[in-house]
Amino acid sequence: MRVIRVSDYEELSLRSADLIASLIILKPDCVLGLATGGTPLGTYRDLIRLYREGRIDFSQVSSVNLDEYRGLKPDDPHSYRYFMDQNLFQNINIDPAHTFVPDGCESDPASACSKYDAIIDRFPLIDLQLLGLGGDGHIGFNEPSDCFIRRTHCVTLKEETIRANSRFFQDKAEVPHQAYTMGIADIMKASRILMIVSGSSKAAILRQVLEGPVTPAVPASVLHLHRNCTVIADEDALQCCDRLCKDSQFILP
Ligand code: GLP
C-alpha cells in the first residue's frame, strides 16, 4: 500500500484527478469504478476542468459505481445516480449508456444484486477503483461485519453511517436505511485502487486502516491485501498516524 501525504483537500483533489486523468490518457477505453460522498467532489470538479481544457476525453470511458440507496429513484436528488449525473457525468462527454449505478428502484434485493453483478461481469476488469472512507471504515457501503462479503449485496446501514450521511438530506429520518453495494471481492479485483481521505473526522479510522490488522470489522483494512493500492490523505486525516513515516510518500509493508 502506497500512502501519499498531501497538505490539504485541494491538493488531494488535484492529485487524485491527475492520476485518473493519466489513466484515461494512457487507456482511453478504461473502466472507472467511481464513488460518491463529499470527498470525491473536488476530484470530479478537477476532472471536469481537465476535460474542458481539452486534456482528457471520456467518450470511450465506462464507469461502474459502488453503491446506491435502496428505494431511491434515479431522479431523486438524494440518489447516487443523481449525484453522479450532477457532479460528473453531465459535465463531461461520457456516454450515459456506459455509466452504471445499482438500481435503487429494484425492490427485490436478490434481483437488484444479481443484475449488478452481471453488469460488473460484462467488463474484463475495473482499471481503477476510486474509494472514499466511511467514518466506521466502510468502503462503498460495505459496513463493518464479521466477514467480508464478496459480491453485490443489500446492506442495512449502521447508525453512524446514517448519521454521517444525513448531512446530504433535510432530515435524518429521510436517510434510507438500506443500500445496494458492490462487494469486497469486486472492489479488490480492480487493477488499481485509489482511496482518498480528508479531514480530521477521518483521522482515528484512517489510523485503524493503516496501522491496524486486516479485519472485516474495519472493511477498508482489506486494502492491505491489494497489490496496487494508493491512499492519498491530507495532513488532517493523517494526524493520528504518528508511527508512520512523515515523508510525503511512503510504502506500508
Ligand atoms: C458514503 C458512500 C461511501 C463514501 C462514504 C464517505 O457512505 N457510500 O462510498 O466513501 O460515504 O463519504 P464522505 O466522503 O462524504 O466522507
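The values are calculated or read from the model by the stated rules, or taken from the named source; none is laboratory data. What you are looking at is a predicted structure, and each value in this text was computed from that prediction instead of being measured. Backbone-built Cβ (ideal geometry, glycine too); neighbour counts: all protein chains shown. Ligands, DNA and RNA are stripped out before the accessible areas are found, and what is left, the full protein with its side chains, is counted by its heavy atoms. Shrake-Rupley method; radii C 1.70, N 1.55, O 1.52, S 1.80 Å.
Here are a few things to note about the model shown:
- Over all other residues within a Cβ to Cβ distance under 15 Å of D75, the charged ones net out to -2, with Lys and Arg as +1 and Asp and Glu as -1.
- Between the C-alpha center of region 218-248 and that of region 135-198 there is a gap of 19 Å.
- Computed from phi, the 3J(HN,Hα) profile of region 14-30 under the Karplus parametrisation 6.51, -1.76, 1.60 (θ = phi - 60°) reads 5, 5, 6, 5, 4, 5, 5, 4, 4, 4, 5, 5, 6, 9, x, 9, 5 Hz, with x in place of Gly and Pro.
- Each residue of region 104-112 is assigned a 3J(HN,Hα), and the resulting list reads x, 7, 6, 7, 7, x, 4, 6, 4 Hz, derived from the Karplus form 6.51 cos²θ - 1.76 cosθ + 1.60 (θ = phi - 60°), x at Gly and Pro.
- Within region 117-197, chymotrypsin sites (Phe, Trp or Tyr not before Pro) in DSSP loop having at most 15 other beta-carbon neighbours inside 10 Å: F169
- Global form of the chain, assessed from the alpha-carbon gyration tensor, a/c cut-off 1.5: rounded
- Shape analysis of region 58-191 places it in the oblate category; the axes a ≥ b ≥ c from the Cα gyration tensor give an a/c of at least 1.5, with a/b not above b/c.
- Computed in the context of the full set of protein chains, the accessible area of the chain at 1.4 Å probe radius has 51% of its extent on carbon or sulfur.
- When each of K73/K202; K115/K158; K27/K246; K27/K158; K172/K202; K158/K202 is checked by Cα-Cα distance, pairs over 28 Å: K73/K202; K27/K246; K27/K158
- When the square roots of the Cα gyration tensor eigenvalues are ordered a ≥ b ≥ c, the ratio a/c for region 12-64 is 1.5 or more and a/b does not exceed b/c, which makes its shape oblate.
- Per-pair calculated FRET efficiency, R0 = 45 Å: K172 and D247 via Cβ, rounded to 0.05: 0.65
- Under 5 Å, built H, 5+ apart or other chain: amide partners of I149: I184
- A DSSP coil position with no more than 13 other Cβ atoms inside 10 Å describes the following trypsin sites (Lys or Arg not before Pro) in region 25-75: R55.
- Net charge contributed by nearby residues that have their C-beta within less than 13 Å of S111 (K/R +1, D/E -1): -2
- Each residue of region 236-242 was assigned a 3J(HN,Hα) from its phi angle through the Karplus curve 6.51 cos²θ - 1.76 cosθ + 1.60 (θ = phi - 60°); the sequence is 4, 5, 8, 5, 8, 8, 6 Hz, with glycine and proline shown as x.
- Solvent-accessible area per residue in the chain equals 43 Å², computed with a 1.4 angstrom probe and all protein chains kept.
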